[in-house]
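So the structure is just underneath, and the comments pick up after that.
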Ligand code: LLP
């Protein structure tokens with residue numbers, strides 16, 4: 001697996017001077033299967049299609065901007081993860097990446113479990129009929145109300161994140177006459193190679209109990225001593241959009257070592273470990289993520305080996321991929337508006353959305369790809385920056401990319417790999433109406449999250 005450093009300029013081709021450039025290495029009409037959902041293709045007329053439907057038709061019917069989510073691809077990725085980890089492991093889809101009732105039903109049908117981290121996510125999961133026993137509840141600051149609701153609903157596990165919470169969950173469970181299965185989230189001290197805002201296993205951050213500082217061992221002691229809690233395992237999530245498996249390996253090793261310490265101190269072998277989510281996906285052709293099969297093989301081998309070395313029975317393993325399942329399954333379709341060439345620099349292409357439907361570029365310096373999808377073009381490539389329509393210069397969707405030089409207002413362009421953390425992080429900034437999510441499958445398209453309307457905006461504004 002490899003990933004390029006953030007390039008200062010375009011990835012394909014090279015700017016020579018004064019806005020002149022060499023042609024990018026690849027034909028701009030090609031849609032790289034690595035970054036587009038499985039059923040995306042270009043038809044004989046050069047129009048891109050998804051699940052057999054032309055994007056031009058989708059734009060007419062559903063408007064732009066809009067997210068189009070490839071249901072067959074989503075289900076295939078769920079199956080790939082479940083198959084890769086097999087019978088002795090559980091896959092929990094991380095709902096924060098994108099959650100809707102339709103998605104919950106797909107997960108349920110494909111046999112996946114669900115990780116939620118808020119009452120809102122729990123509500124959606126339960127409303128869609130996900131059995132509570134297959135839900136894991138996360139969060140570093142769960143309120144009393146949330147804990148009551150989660151335990152009352154019968155969630156399969158609560159992942160404990162602070163000493164306060166250990167006491168609180170135990171207290172509420174006893175009051176409700178329940179014994180709540182819990183895991184303890186530990187901070188394993190790994191510096192994950194990803195953006196600071198999405199790295200979560202180094203010491204100086206808000207999640208979990210530190211292994212190195214002994215907090216994790218103390219959390220285990222307290223949890224084992226409380227009637228309302230059934231400690232089923234240890235949890236570690238090291239961060240997000242990670243390509244290098246080394247961090248997961250260190251994490252797995254340290255978690256197994258803790259299991260051995262727990263056995264030695266308390267005489268109990270915990271039956272489960274959860275290694276979190278965080279596997280990276282390809283946003284550009286340069287990104288090279290691992291397949292679920294390779295990830296599963298490597299993690300299962302490490303855990304088995306480490307457990308053998310410590311004479312532990314291998315625990316049941318769970319993982320929590322969010323982005324790696326939903327990320328590649330959707331693209332955002334935009335209409336091109338203003339085109340502004342800046343002599344010697346680049347051409348700014350404005351679209352009818354922006355940081356309100358994709359904040360990731362502004363927030364994490366994320367890189368994306370973009371393609372002209374409403375037609376083919378063999379015009380010379382031009383270096384562009386795709387920007388939104390919001391009132392700030394940081395409102396960038398794709399920082400550096402090439403689009404055909406004959407791009408014109410009214411063309412449709414699409415940004416792939418926007419299934420994760422785009423709609424779920426979308427905002428109403430500048431009173432933008434959040435775009436719909438349209439599921440496409442076998443030549444059919446249906447709205448699963450509708451576009452916001454002016455009435456929605458005014459309904460909240462009670463005067
Ligand atoms: N498990 C836990 C405990 C998590 O906190 C997360 C993500 C996941 C699983 C799923 O991680 P994934 O497989 O999706 O990387 N908004 C950021 C990502 C924040 C991730 C938060 N936690 C982004 O857009 O990159």
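The values are calculated or read from the model by the stated rules, or taken from the named source; none is laboratory data. Quick caveat, the model's predicted, so the values are computed rather than measured. FYI the Cβ positions are ideal-geometry reconstructions off the backbone, even for glycines, and counts take in every protein chain you see.
General observations
- Search result, residues across segment 232-246 that are outside any loop (DSSP other than H, G, I, E, B) and more than 8 Å from the ligand (Cβ to nearest atom): 232, 233, 234, 246
- Subset of segment 204-232 [more than 18 Å from residue 273 (Cβ to Cβ), touching a residue at least 60 places away in the same chain (Cβ under 8 Å) and touching a helix residue (DSSP H, G or I) at 6+ places or on another chain (Cβ under 6 Å)]: 226
- Some residue of segment 162-172 being under 28 Å from the mean Cα position of the chain (by Cα), outside any helix (DSSP H, G or I) and surrounded by 18 or more Cβ atoms within 10 Å (Cβ to Cβ): yes
- Residue 393 being over 25 Å from the mean Cα position of the chain (by Cα) and in a loop (DSSP other than H, G, I, E, B): yes
- Odd one out for residue 403, checked against (1) closer than 28 Å to residue 99 by Cβ; (2) buried (at least 20 other Cβ atoms within 10 Å of the Cβ): (1)
- Checked against the criterion of being more than 16 Å from the ligand (Cβ to nearest atom) and touching a helix residue (DSSP H, G or I) at 6+ places or on another chain (Cβ under 9 Å), the candidates 342, 383, 412, 425 yield just one match: 412.
- Number of the condition not met by residue 151 [criteria: (1) within 21 Å of residue 215 (Cα to Cα); (2) modelled with pLDDT of 95 or more; (3) more than 16 Å from the ligand (Cβ to nearest atom)]: (1)
- Residue-level check: of (1) within 14 Å of the ligand (Cβ to nearest atom); (2) touching a helix residue (DSSP H, G or I) at 6+ places or on another chain (Cβ under 8 Å); (3) assigned to a helix (DSSP H, G or I), residue 122 misses just (1).
- Residue in segment 275-293 that is under 30 Å from residue 74 (Cα atoms), in a helix (DSSP H, G or I) and either within 14 Å of the ligand (Cβ to nearest atom) or without any contact (Cβ under 8 Å) to a residue 24 or more places away in the chain (or both) present: yes
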